[in-house]
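Notes follow once the structure below has been shown.
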Amino acid sequence: MELTWGEDYDALADVARSVFERISPLTDRDRTTDFSGLVRQFAELDWLTLGNPGGGAGSASLASTAAVFVEAGRALVCSPLLPLITTRDAAVLCGSPRAGELAAGIESGTTTVLPALHDPAWGQAKPAVRGGVLSGTALAVPYADAADLLMVEATEDVGGGNRSDVLVAVPRGPQVAVEPMPNLGEHSMFAVTFSGTPVSEVEVLARAGTAHTAVVTARRRAAVLTAAQIHGAGLALLDRTVRYAQQRRQFGGPIGRFQAVQYLCTDIAVAVHLTSAFVRDAARRLDEGADAAAEVALMGKQARMTAEEMVHAAHEVHAGIGFMVESDVHMFTKTSAKWMFDLGDEHRNDQAILAELWRESIGGRL
């Protein structure tokens, strides 16, 4: 395992901490998200150029970019930064001229392109392109109501009754219906339905293997940054839980003097530390240009466990007060559930790990 961050990590972390502390719901729950203002700020900070898989000029590595997301997680800030970077990554990896234009527009903050990528967990088919027309629905699309264009993962006919992957850019318009998906955490999620939406050839970003690889790699890179947010949130939740254990008094002293409470705080600390190690390893492998399927799957499994275990332990220490509106603990609980969803279910992570182990240990000898 490679357990170092990128060389720009500390500098990025310092700036990100100052930015996210000012907009954290942990300090101001009534603050509303100014989407356009955030995008402008991210562009001015050059954060939309971070971690460019094409190695753009001045772009920090993924292992350094994680610093921004650790601090976002610490402040529990949900923003369009990760969706925009995910779309940028996919566009760069497509390699076509139109995809390059979109990537440049995202990095400059002049074009808002958000990912409408397929998630099999919803149990429905990908949108389909037939005769230059796109139909179908993409679910859980973040900030779709603010997009200039959507990057849609779809399929298209290739003859003989066969279909192949295609990645297309679709402007929002009258034939693109955007409906909010209410959720407990109040995260920005939309169902986007394409009803006979025309797709010109110029808006086709990539096809077949190139499209598939672009989406898979962009998703893996996004998983690293999601896990980095869990690491940051875990650090903040650990601080709050330890402080509460020191301040809350029962039976003549602080509850932190009891071993049962100490074990719960230790559980959070260990889980968060393990997630940090897996994030660094997966980020470094991706920065090296490796497939990193096993590293990302192992990281995802650990990060999901951490997201679940840290809020469980925090609630055990806080007891009933953790469920109250006055407490911050319930806010970590709701956001952790979203992160767990984004990382995919545990069964899929296990399948990816086993497949990679088979490929390395058995398949390589056949």
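Bear in mind these aren't lab numbers, they're just calculated from the coordinates by the rules spelled out. It should be emphasised that the depicted structure is a prediction, and the values quoted were computed from it without experimental measurement. Methodologically, a virtual Cβ is constructed for each residue, glycine included, from the backbone with ideal geometry; neighbour enumeration extends over all protein chains shown.
Things worth noting here:
- Between residue 44 and residue 21, the contour length at 0.36 nm per residue exceeds the Cα-Cα span by 6.5 nm.
- Compared with the direct C-alpha span, the chain from residue 258 to residue 350 gains 29.5 nm at full extension, assuming 0.36 nm per residue.
- Helical runs (DSSP H, four residues minimum) scored at -39500 (n - 2.57) apiece and divided by the length of the chain put the mean residue ellipticity at 222 nm at -17500 deg cm²/dmol.
- Longest exposed-site-free window of the chain, the sites being chymotrypsin sites (Phe, Trp or Tyr not before Pro) in a DSSP loop that have at most 16 other C-beta atoms within 10 Å: 1-250
- Contour minus Cα-Cα distance for residue 324 and residue 35 (0.36 nm per residue): 101.2 nm
- Principal-axis analysis of the Cα atoms of the chain puts helix 97-108 at an angle of about 30° to the longest axis.
- Helix 259-287 axis, angle to the chain major axis (alpha carbon atoms, nearest 10°): 30
- Choice from 322, 252, 136 with maximal GNM fluctuation in the chain (Cα, 10 Å cutoff): 252
- Spatial separation of Cα centroids for segment 122-136 and segment 182-210, in angstrom: 9
- Kirkwood Rh in Å, taken over all unlike Cα pairs in segment 9-108: 14.0
- If a spin label sat at a point 7 angstrom from the Cα of residue 164 along the line to its beta carbon, the backbone N atoms of segment 191-225 nearer than 19 Å would be those of 199-217.
- Helix 346-361 axis, angle to the chain major axis (alpha carbon atoms, nearest 10°): 70
- Residue 183/residue 266 FRET efficiency (R0 56 Å; Cβ-Cβ; nearest 0.05): 0.95
- When you filter the GluC sites (Glu not before Pro) in segment 1-45 for DSSP loop state and at most 12 other Cβ atoms inside 10 Å of their Cβ, you are left with 7.
- Cα gyration tensor shape of segment 76-146, rounded if a/c is under 1.5, else prolate or oblate by comparing a/b with b/c: oblate
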